[in-house]
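Heads up, the thing below is written out as structure tokens.
The values are calculated or read from the model by the stated rules, or taken from the named source; none is laboratory data. Because the structure is predicted, anything quoted here is derived from the model rather than measured. So basically every Cβ, Gly included, is an ideal-geometry build from the backbone, and we count neighbours across all protein chains shown. Just the protein is used for accessible areas: all its heavy atoms, side chains included, with ligands, DNA and RNA removed. Shrake-Rupley method; radii C 1.70, N 1.55, O 1.52, S 1.80 Å.
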Amino acid sequence: MRHNGVQVAHLAEAALRHAVPFRKALRRLKRRLRPYDDNASNSHYCITNGLEQITALRDAGFDVRGKSVLEFGTGWLPLIPLLFHLAGAARLTLTDIDRLMDDQTIARARAIVRGRMDDIAAALDQPQDALLARLDVPMAYDYLVPWDAAAHPAESVDLVISRATFEHVPEAQIAFFLRQFHRILRPGGMTTHLVDNSDHWQHRDPALSRINFLRFEDGDPVWKLGQFNPQAFQNRLRHDDYIRLLEAGGFELRAALGEPDAKCLADLATLPLAARFRGRPPRDLAVLISLFVARKPA
């Protein structure tokens, strides 16, 4: 059965996975029996995104070398931390709500990074031999799970980063975390966030518009079912919403990169929008990938 174009059975499946008793213990057992298997195209896209973030920071006048970096929402594969390690970060703090990363996923991330060394060397403007040697040096990091943002020491890091994480966090919590990022950053520190604004249900069903989820009212039972599993939650915030949140958090915006997708602009001509999205500029609704760089005033 479909509702607003979405297969309801897929949403129910995700909700049931979250409701399974002892799911964390079962996940650990599954990992012992079958190591984590990443999606190769997603992993390579992550490398591309991470290099875009490093380039955007450099364009904003921030040099990663010798800096302490905190990643918000590391996930399974520490691809982004490894890129910042190669870029010269002195120490990394990796955070999450569940312990997903392990020795196997770290080894897999290293293999993926090694396979993209041509692109990485070009983006970082460093010799491949030097980067390969640094890749073999253990990454200096702390892994904080679950992370208590409010307890993290003030003015203790130079850079806070995230990639494809914010879209899974409710707006009020994003505002809270941005206040915490501001607190834990040293004066003049930076934060960069790459956000996937697309409908993640479309990733499984390519027949849908990449902004199909803008059709659902917040109270729609099918929409609420799809948000039951926190790992499947989508806040549906748009590009301009994140600009507002960053500025409200006390940050000076240095870059807000994101172009409207042409196909999504065409879809908006016929897509019936939920009330909260009606009247908003189509170009804002159609931005699928946002990249933000912001600075804590010195």
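Search the stretch 104-121 for residues that are over 12 Å from residue 46 (Cα atoms) and pair each with any residue that is of a type in the set (Ser, Thr, Tyr) and at pLDDT below 95 when their beta-carbon atoms are under 8 Å apart and the residues are at least 6 apart or on different chains.
104/36; 105/36; 108/36
Would it be correct to say that residue 253 is of a type outside the set (Lys, Arg) and touching a strand residue (DSSP E or B) at 6+ places or on another chain (Cβ under 9 Å)?
So residue 253 passes the test.
If the requirement is being closer than 30 Å to residue 232 by Cβ and either small (Gly, Ala, Ser) or open to solvent by less than 30 Å² (accessible area, probe 1.4 Å) (or both), which of these qualifies: 64, 157, 145?
Exactly one residue qualifies, and that residue is 157.
Would the stretch 238-261 turn up any residue that is in a loop (DSSP other than H, G, I, E, B), open to solvent by 40 Å² or more (accessible area, probe 1.4 Å) and hydrophobic (A, V, I, L, M, F, W, C)?
Looking through the stretch 238-261, none of the residues is in a loop (DSSP other than H, G, I, E, B), open to solvent by 40 Å² or more (accessible area, probe 1.4 Å) and hydrophobic (A, V, I, L, M, F, W, C).
From the set of residues in the stretch 103-140 that are within 28 Å of residue 169 (Cα to Cα) and open to solvent by 70 Å² or more (accessible area, probe 1.4 Å), which is modelled with the lowest pLDDT?
My answer is 103.
Which one of these is within 21 Å of the chain's Cα centre (by Cα) and modelled with pLDDT of 95 or more: 94, 100?
94
So, of the residues in the stretch 281-298 that are open to solvent by less than 60 Å² (accessible area, probe 1.4 Å) and in a loop (DSSP other than H, G, I, E, B), which turns out to be farthest from residue 203 (Cα to Cα)?
Looking at residues that are open to solvent by less than 60 Å² (accessible area, probe 1.4 Å) and in a loop (DSSP other than H, G, I, E, B), I get 297.
Between residues in the stretch 29-58 that are surrounded by fewer than 19 Cβ atoms within 10 Å (Cβ to Cβ) and residues that are of a type outside the set (A, V, I, L, M, F, W, C) and part of a helix (DSSP H, G or I), which pairs lie under 7 Å by C-beta distance while being six or more apart or on different chains?
Short answer, once both residue conditions are applied: 35/104; 36/104; 36/105; 38/108.
Out of 228, 213, which single residue is surrounded by 16 or more Cβ atoms within 10 Å (Cβ to Cβ), more than 19 Å from residue 276 (Cβ to Cβ) and not hydroxyl-bearing (Ser, Thr, Tyr)?
Exactly one of 228, 213 is surrounded by 16 or more Cβ atoms within 10 Å (Cβ to Cβ), more than 19 Å from residue 276 (Cβ to Cβ) and not hydroxyl-bearing (Ser, Thr, Tyr), namely 228.
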